[in-house]
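Peer 1: Just passing along the structure, written as structure tokens.
The values are calculated or read from the model by the stated rules, or taken from the named source; none is laboratory data. Given the structure is predicted, the values throughout are model-derived calculations rather than measurements. So basically every Cβ, Gly included, is an ideal-geometry build from the backbone, and we count neighbours across all protein chains shown.
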Amino acid sequence: MAKTYRKLLKNTSAYDRTFEVDREKALEYALDIRKFEIDLYWKRATYFWTFIGVAFAGYFALLAAKNIPEEAIFLVNCLGFIFTFSWYLVNRGSKFWQNNWERHVDMLEDKVIGPLYKTAINMKHPKMLHIFDEYPFSVSKINQILSLFLCIVWIFLGCRSISSLFNIFEPFKGFNMLLIGLITLIYIVIVLIYGKSTPNLGDNKEAGKVFVVRKSFLE
């Protein structure tokens, strides 16, 4: 059953009127819930990493054992893939709600404490090759990309199990290490390109030690 929303807040004025009764209390709640969502994010990550680690350990333990049916190995492979793909989806869901409360903080803070959360050091021109400097990587994006990479690894292992189970010729037989290495290099490139944060800092092009205030969500 589809949800129906009572009203849409299309601009800053409409948002301000909604929370004009106790803006300070609303900001306090938004900060608390944002912190709660971040805590949940890492608890969920730990939960899924535990099951994924167990799945990998079980897979290779069965692979090294003797007289183990190929079906059992493939079943563990499927379980590992399901947990990994679910982790990817949960990452995206967690990021949605974290962003939701961060945008509330953006909108509420100006008239209470000033634009503290929206103010950040200028990172318009960070240097990737300066390996000891900070760089605006996104932890959540990297986790999402990592979960997709592990999904591909499970698919690769599943294809090997299927080829052994049905005696199907492996098109990459003999080149498995090369294929895994290629997948790993592709993952690194994707992380470097798409694993960065994308803060809305406007068109500021100044270099040096400056702070930049990003726009509010509805601006």
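Peer 1: Does Asn122 satisfy being surrounded by 14 or more Cβ atoms within 10 Å (Cβ to Cβ), modelled with pLDDT under 90, more than 30 Å from Glu20 (Cα to Cα) and of a type in the set (S, T, N, Q)?
Peer 2: Working: surrounded by 14 or more Cβ atoms within 10 Å (Cβ to Cβ): yes; modelled with pLDDT under 90: yes; more than 30 Å from Glu20 (Cα to Cα): yes; of a type in the set (S, T, N, Q): yes.
Yes: the conditions hold for Asn122.
Peer 1: Collect the residues in the range 50-68 that are surrounded by fewer than 13 Cβ atoms within 10 Å (Cβ to Cβ) and under 24 Å from Gln98 (Cβ atoms), keeping them in residue-number order.
Peer 2: Within the range 50-68, Thr50 is the sole residue that qualifies.
Peer 1: Another question about this same structure. Just checking, which of Glu102, Glu24, Glu71, Glu109 is out of contact with any Cys (no Cβ under 9 Å at 6 or more places or on another chain), surrounded by fewer than 14 Cβ atoms within 10 Å (Cβ to Cβ), in contact (Cβ under 8 Å) with a residue 40 or more places away in the chain and over 15 Å from Ser161 (Cβ atoms)?
Peer 2: Of Glu102, Glu24, Glu71, Glu109, the one residue that is out of contact with any Cys (no Cβ under 9 Å at 6 or more places or on another chain), surrounded by fewer than 14 Cβ atoms within 10 Å (Cβ to Cβ), in contact (Cβ under 8 Å) with a residue 40 or more places away in the chain and over 15 Å from Ser161 (Cβ atoms) is Glu24.
Peer 1: Using the structure shown, decide if Leu182 is surrounded by 13 or more Cβ atoms within 10 Å (Cβ to Cβ) and either modelled with pLDDT of 75 or more or among the hydroxyl-bearing types (Ser, Thr, Tyr) (or both).
Peer 2: Values: surrounded by 13 or more Cβ atoms within 10 Å (Cβ to Cβ): no; either modelled with pLDDT of 75 or more or among the hydroxyl-bearing types (Ser, Thr, Tyr) (or both): yes.
So Leu182 fails the test.
Peer 1: May I pose another question? Assess whether Val76 counts as being surrounded by 15 or more Cβ atoms within 10 Å (Cβ to Cβ) and not charged (D, E, K, R).
Peer 2: Working: surrounded by 15 or more Cβ atoms within 10 Å (Cβ to Cβ): yes; not charged (D, E, K, R): yes.
Yes, satisfied.
Peer 1: Given the structure, is Phe19 surrounded by 13 or more Cβ atoms within 10 Å (Cβ to Cβ), over 12 Å from Trp101 (Cβ atoms) and among the aromatic types (Phe, Trp, Tyr)?
Peer 2: Numbers: surrounded by 13 or more Cβ atoms within 10 Å (Cβ to Cβ): yes; over 12 Å from Trp101 (Cβ atoms): yes; among the aromatic types (Phe, Trp, Tyr): yes.
Yes: the conditions hold for Phe19.
Peer 1: What single numbered condition from (1) touching a residue at least 40 places away in the same chain (Cβ under 8 Å); (2) surrounded by 15 or more Cβ atoms within 10 Å (Cβ to Cβ); (3) hydroxyl-bearing (Ser, Thr, Tyr); (4) over 25 Å from Arg160 (Cβ atoms) fails to hold for Tyr117?
Peer 2: All conditions pass for Tyr117, except number (1).
Peer 1: Still on this structure, please answer the following. Report yes if Phe74 is at pLDDT 95 or above, within 30 Å of Gly158 (Cβ to Cβ) and in a helix (DSSP H, G or I), otherwise no.
Peer 2: Values: at pLDDT 95 or above: no; within 30 Å of Gly158 (Cβ to Cβ): yes; in a helix (DSSP H, G or I): yes.
No.
Peer 1: Ok, one more. Is it true that Asn91 is closer than 26 Å to Val153 by Cβ and surrounded by 15 or more Cβ atoms within 10 Å (Cβ to Cβ)?
Peer 2: Working: closer than 26 Å to Val153 by Cβ: yes; surrounded by 15 or more Cβ atoms within 10 Å (Cβ to Cβ): yes.
Yes.
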